[in-house]
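One structure is given here, and the rest of the page talks about it.
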Amino acid sequence: MTHTSPAPQSHSEEPVSGSSHLISIVTEFVAPASLTVALLFYFGWARAFSFYDFFGIPLSVLPFSQQELFIRSVDALYIPLGLACLVGLLLTWARSIDRNRVEAILPLFVLQGIYLIALAIPNHARARIKSTTKNIVVISFTVAAILLIVNAAAGLLDQPTPINQAMIAAAPLSLIVGVTVLSRLVRTMPSTSSNHSQPQMIRTVESVLLFVVIGLGAFWAVDDYAEAVGRARANQTATALRDRPQVVIHTDNPLRLAALGSPASGVRESVCAPPPGDKDLKTSYRYEGLVLLVQVGDQLVLVPRTWTPADGTAVVVPKGGSGATRFEFTMSIRDRSLPSASC
């Protein structure tokens, strides 16, 4: 009786398996988490840029910290994050459904008549119909994915399309959905290669490239959405300036707000002379009719209460400037005929 020794196992697959497992961990957990943090930071920056650009203020003069940008990114993210979580939850439920149970229940409630007709169809004809239906579905999804990518290319070239004009961030979302669907269709196709290492390598490269494309599309979508949100919030703020608290500035040095000193702007400058004979006091200046937009660090961003996009001007005043400076915040006065407070 002869004994055949087992063939020696090849150890060349272990590094491939280990690297594939590492790549799987990176692509499934580390990379999405890093991408999410980067998107939140970029959303806060893009939203702040769009908001203050509406008032004519370059974001570079406002030293926002990373924490402040993260906090500002929370605004208006409830809807997209909620929709993303809902889609992910639906996909998770869809993958956990027992297909055999669905096939057993579905004919009883939805397609009972079609199911009974299908029983009368011969097996060879049923297989042909199933194959034809599958081909039609694959072709339909392929055409739809290509059209979505074409729509994304049109948006990249600033060419208007009905979808891009009707929906914010339609072009980047079309790119993400189109590329994802095409990748899924390619993976469902049978492999024609006899070498198993090459398809594994191709799938790894495909996963990395797919993640890069989806990441670029996500940044593109965040940029479009953040710009729209920032301008919408800025428009709301400009409309409600009269209802916000008024800032009254008392300073020893003139601020020289010549651009804001016109009667139409509503900004009034009062020169407060010291009492006669009092040499210890200096001439001070009082400015009213301003509204605080934001304080960033030691800088106050102020605009007139009557600010408009056509002729409005914003100023950045240092809180700790030269000379004694005092800021007062009072509720806005609608009646402009009321006398202003004394110096």
Practice problem: Subtracting the Cα-Cα distance from 0.36 nm times the residue separation, let me have the gained length for Phe141 to Met189 in nm, one decimal. | Solution: 15.9 nm
Quiz item: With θ set to phi - 60° and the Karplus curve 6.51 cos²θ - 1.76 cosθ + 1.60, what are the ³J(HN,Hα) couplings of the range 217-226 in order, to the nearest whole Hz, using x for Gly and Pro?
Solution: x, 5, 5, 4, 5, 4, 4, 5, 5, 5
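Give me the net charge for the shell around Val229: Cβ to Cβ below 15 angstrom, other residues only, Lys and Arg +1, Asp and Glu -1. List each step's numbers first, then the result.
Values: positive: Arg47, Arg72, Arg231, Arg233; negative: Asp53, Asp75, Asp223, Asp224, Glu227.
That works out to -1.
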Quiz prompt | the range 289-303 - phi-based ³J(HN,Hα) in whole Hz, Karplus 6.51/-1.76/1.60, Gly and Pro as x | solution = x, 9, 10, 7, 7, 6, 10, 10, x, 9, 10, 10, 9, 10, 9
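Assuming R0 = 45 Å, can you tell me the calculated FRET efficiency for the pair Ala94 and Val61, based on Cβ-Cβ distance, to the nearest 0.05?
Details: r = 50 Å, r/R0 = 1.10.
Rounded to the nearest 0.05, the efficiency is 0.35.
So how much slack lies between Asp243 and Thr308, counting 0.36 nm per residue of separation and subtracting their Cα-Cα distance, in nm?
Values: separation 65, 0.36 × 65 = 23.40 nm, distance 1.48 nm.
Full-extension gain reported as 21.9 nm.
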Quiz item: Which ³J(HN,Hα) values in Hz, rounded to whole numbers, follow from the phi angles of the range 206-214 under the Karplus curve 6.51 cos²θ - 1.76 cosθ + 1.60, where θ = phi - 60° and Gly and Pro get x?
Solution: 4, 5, 5, 5, 5, 5, 5, 5, 5
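How high is the FRET efficiency between Leu209 and Ser131 when r is their beta carbon distance and R₀ equals 41 Å, given to the nearest 0.05? Intermediate values should be presented prior to the final figure.
On the way: r = 31 Å, r/R0 = 0.76.
That pair, Leu209 with Ser131, gives E of 0.85.
If neighbour count is taken as other Cβ atoms inside 10 Å, put Ile146, Ile136, Ile214 in order from fewest to most. Intermediate results must be reported in sequence, preceding the final value.
On the way: Ile146 13, Ile136 10, Ile214 19.
So the ranking, lowest neighbour count to highest, is Ile136, Ile146, Ile214.
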Practice problem: Give the order of Trp45, Trp307 when sorted by the count of other beta carbons within 10 angstrom, beginning with the fewest. | Solution: Trp45, Trp307
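Please work out the FRET efficiency for the pair Ser270 and Ala232, using the Cβ-Cβ distance as r and a Förster radius of 30 Å; give the result to the nearest 0.05.
On the way: r = 36 Å, r/R0 = 1.21.
Computed FRET efficiency for Ser270 and Ala232 comes out at 0.25.
Values in this text are rule-based calculations from the coordinates and carry no lab data. None of the values given here were measured: they were computed from a predicted structure. Quick reminder, even Gly has a Cβ in these numbers, built from the backbone with ideal geometry, and neighbours come from all protein chains shown.
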